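Below is one structure, written out as structure tokens; the observations come after it.
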Ligand SMILES: Nc1ncnc2c1ncn2[C@@H]1O[C@H](COP(=O)(O)OP(=O)(O)O)[C@@H](O)[C@H]1O
Ligand SMILES: [Mg+2]
């Protein structure tokens, strides 16, 4: 089992957007994935409820922030969305099971400061300090080619945390969030520019999954390129624009 948690103390930093996209990416590769929502707002849970059956399946898991337990047995991969202000004992419990923690970071010095505090706390935890749980950060609502993109990259270097990519500010993401979609649910040729921004993260996820011990008898031990069946009606980019 691979557990990936999305953490940042700051609300609105893009945790749910990142969590839903990570889960959707894994599902698009034919992986059995569960999206757990520790957040009281339950954005990821709502997103999951909006997801139609034609899209790659993601299992849901509602968890209480204060009663976080070990992910259910038999699940292949778990993506955990967490609330703003998530720290202390709750963060420690999640880290006990997590193989990787992703920190979404938006632009601006205060946002980086919030991410830095999260990072500081994470590094005091044994599984992070020993490297058993990996860290990565993702720029959210930032154009990677701009000064904000460079500032984030430099910040990540000073923090010695892998910077896995930068997602620009685009209406497509808020629409995806409102409709149970992700950029990975569209044919690649329709969303090529968006998908490019995810390449660093998806490569990192592929490596993370291929390094995880395979569950006995599991169908897919490694990620595979899977094309959606022709019967799968995916929303077109025009539909996304119109929606
Ligand atoms: N790249 C993006 N472009 C446009 N809107 C975005 C993007 N990323 C996130 N958002 C929007 O920003 C808001 C906060 O993001 P969200 O993922 O809910 O953050 P958090 O879970 O950390 O509170 C949401 O309305 C979401 O749709
Ligand atoms: Mg959220």
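Just one of the listed residues (119, 102) is away from ligand 1 (no atom under 12 Å from the Cβ) and either under 23 Å from residue 177 (Cα atoms) or touching a helix residue (DSSP H, G or I) at 6+ places or on another chain (Cβ under 9 Å) (or both), namely 119.
Return the residue satisfying two criteria in turn: it lies in the stretch 63-81 and is in contact with a strand residue (DSSP E or B) (Cβ under 6 Å, 6 or more places away or on another chain) and under 10 Å from residue 39 (Cα atoms), and of such residues it is nearest to ligand 2 (Cβ to nearest atom). Selected residue: 81. Residues that are more than 13 Å from the chain's Cα centre (by Cα) and within 25 Å of residue 185 (Cβ to Cβ) number at least 1 in the following helices (runs of 4 or more DSSP H) confined to the stretch 1-105: 15-28, 43-50.
Scan 27, 23, 19, 5 and give me the residue that is more than 16 Å from ligand 1 (Cβ to nearest atom), within 30 Å of residue 149 (Cα to Cα) and in contact (Cβ under 8 Å) with a residue 12 or more places away in the chain.
On the way: 23 fails: more than 16 Å from ligand 1 (Cβ to nearest atom); 19 fails: more than 16 Å from ligand 1 (Cβ to nearest atom); 5 fails: more than 16 Å from ligand 1 (Cβ to nearest atom).
Testing whether each residue is more than 16 Å from ligand 1 (Cβ to nearest atom), within 30 Å of residue 149 (Cα to Cα) and in contact (Cβ under 8 Å) with a residue 12 or more places away in the chain leaves just 27.
Scan the stretch 181-198 for residues that are touching a residue at least 24 places away in the same chain (Cβ under 8 Å) and under 19 Å from the mean Cα position of the chain (by Cα) and jot them down. Scanning the stretch 181-198 gives 181, 182, 183, 184, 185, 186, 191, 194, 197, 198.
Taking the stretch 18-42 as the range and being in contact with a helix residue (DSSP H, G or I) (Cβ under 6 Å, 6 or more places away or on another chain) and modelled with pLDDT of 95 or more as the test, the residues that pass are 19, 20, 24, 25, 28, 33, 35.
For the residues 143, 185, the requirement of being more than 16 Å from ligand 2 (Cβ to nearest atom) and either modelled with pLDDT under 95 or surrounded by fewer than 20 Cβ atoms within 10 Å (Cβ to Cβ) (or both) singles out 143. Taking the stretch 87-99 as the range and being in contact (Cβ under 8 Å) with a residue 60 or more places away in the chain and either surrounded by 20 or more Cβ atoms within 10 Å (Cβ to Cβ) or on the phi > 0 side of the Ramachandran plot (or both) as the test, the residues that pass are 91, 94, 95, 98. Taking the listed residues 122, 135, the one that is surrounded by 12 or more Cβ atoms within 10 Å (Cβ to Cβ), over 19 Å from residue 12 (Cβ atoms) and touching a residue at least 60 places away in the same chain (Cβ under 8 Å) is 122, with no other qualifying.
Answer with yes or no whether residue 45 is within 14 Å of ligand 2 (Cβ to nearest atom), exposed (fewer than 14 other Cβ atoms within 10 Å of the Cβ) and at negative phi. No; evaluated as a whole, the condition is false for this residue. Taking the listed residues 164, 125, 169, 152, the one that is out of contact with any strand residue (DSSP E or B) (no Cβ under 6 Å at 6 or more places or on another chain), within 15 Å of ligand 1 (Cβ to nearest atom), over 16 Å from residue 20 (Cα atoms) and at pLDDT 95 or above is 169, with no other qualifying.
The values are calculated or read from the model by the stated rules, or taken from the named source; none is laboratory data. What you are looking at is a predicted structure, and each value in this text was computed from that prediction instead of being measured. Ideal geometry is used to build each Cβ from the backbone, glycine not excepted, and the neighbour counts take in all protein chains shown.
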